[in-house]
Amino acid sequence: MERVFPLWKSLIVFVFCLLSLNHFSLGQQKFTLNGYVKDEANGEALIGATVLVKELGTGTATNVYGFYSITLGPGVYTLEYSYLGFDVESRSVSVESNQRLDIELTAGGTELQEVVITAEAEDENVTSVDMSTNKLDVKTIQKIPAFLGEVDVLRSIQLLPGVSSVGEGSSGFNVRGGSVGQNLVLLDDAPVYNSSHLFGFFSVFNPDAVKDIKLIKGGMPANYGGRLSSILDVRMKEGNSKDLEVSGGVGTVFSRLAVQGPIKKDKASFLVAGRRSYVDILARPFIDDATLYFYDLTTKVNYDLNDKNKLFLSGYFGRDVFRFDEEQGFDWGSITGTLRWNHLFNDRLFSNFAFFVSTYDYGFSFGENDLDKFDWSSRILTYTFKPSFNYFINNNNELLIGGEAILYDFKPAEAQGVSDGVVTDISLDEKYSLETAIYVANTQKLSSRTTLKYGLRLSGFQFMGPGNIYEYRPVEPGRRQELVEESTFQADQWEVVESYYNLEPRFSIRQQVGKGSVKASYTRTSQYIHLVSNTSASTPIDLWTPSSNNIEPQISDQFGIGYFKNFGKGNAIEASVEAYYRDNKNQVEFVKGADLFLNEFLEGDLISGDGRAYGLEFSVKKNSGKLNGWVSYTLGRSELQVEGINRGEWYPTRFDQTHNLKIFGSYNLSARTSFSGNFTYISGAPVTAPTSRFTQQGLVVPFDFYDSRNDFRVPATHRLDLSLTIQMKREKRGKERKNKDELVISLYNVYGRRNPFSIFFSQADGTPMPGAPVETQASRFSIVGAPVPSISYNFKF
């Protein structure tokens, strides 16, 4: 048996080596200008703000904390600070020594009459080395028509190329043919293991608390890891450090309220945002016992200790409750907490130390009383420490170094059955594991036309005791594996049962070609924990399980190439086309007849194989004028090949959707009124359907004669949504009102399309006549099958 955490020592040595860079910053011939760029109105850090040195025609952008650093020779320079929607700030700076220069930008004098997908500099999509990356700001999301009129992050990103879901009422989202469990969802760095409320209709992210949303589908930077398909990085607001601010809304399904303001002006601030649905309250006169509701609370506090140190503390608490009566029902929820410390070692070395805790749990109960009942709960709990360091070598090189250590505690089932007062405990053992990583990356500008980003991530994983350790051997391909040995691991909790290590190289390049640019990327990623589900749509009770001596980590190699170009007046129209290919190893599948719940021998029902996903993504986006929006189309395939399944041939995954068309547009009817609409068309998802049947005593028994998997597709999904936003008058009796409010009228599923959530097969009602064949039928089950109108009122003061 192997003992503890080999990467810990490497991580500690790595950190000390990095800290020694502090000494190299002394005695430089050039000088460093650094600082923070913030919003003048509320003190919020501006992520991705541009800092341009006009005399040199070069510059940089602020990081996720609004920090920038530029190295310059002695002289006088004109610096331009800009951010979309804000006035440009110019400063003449005489550089004779290292300087700190914090800047506050003022929002534009007139409100932007446009919707944008990113808050970035003009031509950022062409000049940046990043590809397969999309950003959304809250202003964009607020204009997108939403279900029951409620602004939602997850439904908004599903309008982006390569992003979809398997149907209405499904939790999470799918990226480039990957599963929900292959997306790493982060809220202020903390992982969120279930990102949906009410079975996928709403996300856990309160828009009143969200500042920045970034989705990475490929070309993944080395500081991210742990998932194969994508990273959704959601950053919370820091809280208004200038004035007290209250915002919220009253809608058809739930209401929300957010309060933020200074604790100490320009030094410390807070944010508290809460939501609560009230479907249960509205339905109470008609339904006596059943109830369905959710609530969440998002909080944040930050404090500027001094010029070199900042502290951030944020948290999320949310829960869904679905009760049939007082004794029966189920619930699920998440809790995250993040503590971060920003420290500036010197003018070029910026650091962030983060510690966060995240847990997701669910439980359900059945039974009429305490003498006859069944209770089950399950949980995943993680503790993470993540140090990172940005070293600004010069204006052409930015070095990123860091590490990560994640301790997992899996509780598959804590279950009790009570029959006639006799209690039977059928709980399963907890599982423990440790994931560690260290990484180094550099962004290098070779010239104004060529930029490289390259890095290396070394990840490791240890599956640890105590607990029952099982070993299996294959009996027949595609069938349940045979248990050959059982042993109880009696060593202490930190001894290692199985270890895995993987090198994960990352590389991206941008080459300007004419007025456009060609970009290419390669990414290798490893995923050590797995979301086990045998349903087409992810559900709140899907099970997370670690890699072990029986389950190997998933490995992915993704290649991408694309062409990006802007055109039109002021380069207002962005166009891009990207091709991608992802080769996956050790994809987890389940045997026929697998038992995934309360199964002590679950790993014997899981098998692995190869996967591949490939496709083309097209996007055209207009950012200015009265009419603006985007069109995206994805042509893609996602397939698996597992020995013993589908006769060993390639077959489509449950998330394979060949055609994915999204259209969004917004038109400003006047200064206070805008009209928006979006249309989606997605190919039907694959399902496994019976191919044959036999009849026994008048009952039809369906079966799959050809042993196929996902050989049938449900009908395509398409839908049109519309919304009208009316801003209330900004003046009263000739004076400007302090508060801002608006009315949003929405119509979801305008033409009442019955999009299929699933197709099920059944025997026709009635008893057939003697000698007549028994009739069967296929039925379509739809979550939303009619137009859904809604109205909501939003306010801010």
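Compute the accessible area per residue over the chain, keeping the other protein chains in place, probe 1.4 Å, unit Å².
For the chain, the solvent-accessible area averages 43 Å² per residue.
Ranked from the most accessible area to the least, with a 1.4 Å probe and all protein chains present, what is the order of K139, K214?
The ordering from most to least exposed comes out as K139, K214.
Just going by the charge dipole of the chain, with Lys and Arg at +1 and Asp and Glu at -1 on Cβ, which of N397, S247, F590 is farthest out on the positive end?
Ranked along the dipole, the leading option is N397.
Just the accessible area for L244, please: 1.4 Å probe, Å², rounded to the nearest 10?
Rounded to the nearest 10, the figure is 120 Å².
Just add up the charged neighbours of K242: K/R +1, D/E -1, any other residue whose Cβ is under 12 Å from the Cβ of K242.
-4
What figure in square angstrom, to the nearest 10, would you give for the accessible area of R647 with a 1.4 Å probe?
The accessible area comes out at roughly 130 Å².
Projected onto the charge dipole of the chain (+1 at Lys/Arg Cβ, -1 at Asp/Glu Cβ, origin at the Cα centre), which of L720, N710, F317 gives the Cα projection farthest towards the positive end?
My answer, from the dipole projection, is L720.
Out of residues 5 or more away from A49 or on other chains, whose amide H comes under 5 Å of its own, with H placed 1.01 Å from N in the peptide plane?
So A49 has HN proximity to T62.
Where does the charge balance sit around I645 when Lys and Arg score +1, Asp and Glu -1, over other residues with C-beta under 11 Å from its C-beta?
0
Within the stretch 292-401, report the GluC sites (Glu not before Pro) that DSSP leaves as loop and that have at most 11 other Cβ atoms within 10 Å.
Of the GluC sites (Glu not before Pro), the ones in loops of the stretch 292-401 whose Cβ has at most 11 other Cβ atoms within 10 Å are E326.
Nearest 10 degrees, 0 to 90: what angle lies between the long axis of helix 6-19 and the longest principal axis of the chain (Cα atoms)?
Tilt of helix 6-19: around 10 degrees.
Can you sort K30, K386, K622 by 1.4 Å-probe accessible area, starting with the largest?
From most exposed to least exposed: K30, K622, K386.
In percent, how large is the relative contact order of the chain, given Cα pairs closer than 8 Å and 6 or more residues apart?
11
Using a 1.4 Å probe over the heavy atoms of the protein chains, calculate the carbon and sulfur portion of the accessible area of the stretch 180-246 as a whole percent.
For the stretch 180-246, the apolar C and S fraction of the accessible surface comes to 50 percent.
Taking the Cβ-Cβ separation of K267 and L699 as r and a Förster radius of 51 Å, what is the calculated FRET efficiency to the nearest 0.05?
Taking R0 as 51 Å, the efficiency between K267 and L699 is 0.10.
Where the centroid of each part is defined by its Cα atoms, how far is the stretch 141-171 from the stretch 185-202 in Å?
Answer, in whole Å: 13.
Work the Kirkwood hydrodynamic radius out for the stretch 127-232: mean of 1/r over every pair of different alpha-carbon atoms, inverted, in Å.
Result for the stretch 127-232, one decimal place: 14.1 Å.
Please give the Cα centre distance for the stretch 33-65 versus the stretch 357-407, rounded to the nearest Å.
31
With all protein chains present and a 1.4 Å probe, how do D87, D583 order by accessible area, largest first?
The ordering from most to least exposed comes out as D87, D583.
Can you give the net charge of the other residues whose Cβ lies under 9 Å from the Cβ of K592, counting K and R as +1 and D and E as -1?
Residues near K592 contribute +1 overall.
Mind scanning K519/K569; K237/K565; K300/K453; K139/K740; K139/K565 and naming the pairs with a C-alpha gap bigger than 26 Å?
K237/K565; K300/K453
Given (i) -0.51, -0.85, -1.15; (ii) -0.61, -0.98, -1.27; (iii) -0.40, -0.72, -1.15, which label gives log10 I(q)/I(0) by the Debye sum over Cα atoms at q = 0.06, 0.08, 0.10 Å⁻¹ as computed from the coordinates?
So the structure-derived entry is (iii).
Report the accessible area of E617, computed with a 1.4 Å probe over the heavy atoms of all protein chains in place, in Å² rounded to the nearest 10.
Ignoring ligands and nucleic acids, E617 comes out at about 10 Å².
The values are calculated or read from the model by the stated rules, or taken from the named source; none is laboratory data. These numbers were taken from a predicted model, which means no experiment stands behind them. A quick note on method: Cβ atoms are made from the backbone with ideal geometry, for glycine too, and the neighbour counts reach across all protein chains shown. Areas reflect the complete protein model, heavy atoms only, side chains present, ligands, DNA and RNA absent. Shrake-Rupley method; radii C 1.70, N 1.55, O 1.52, S 1.80 Å.
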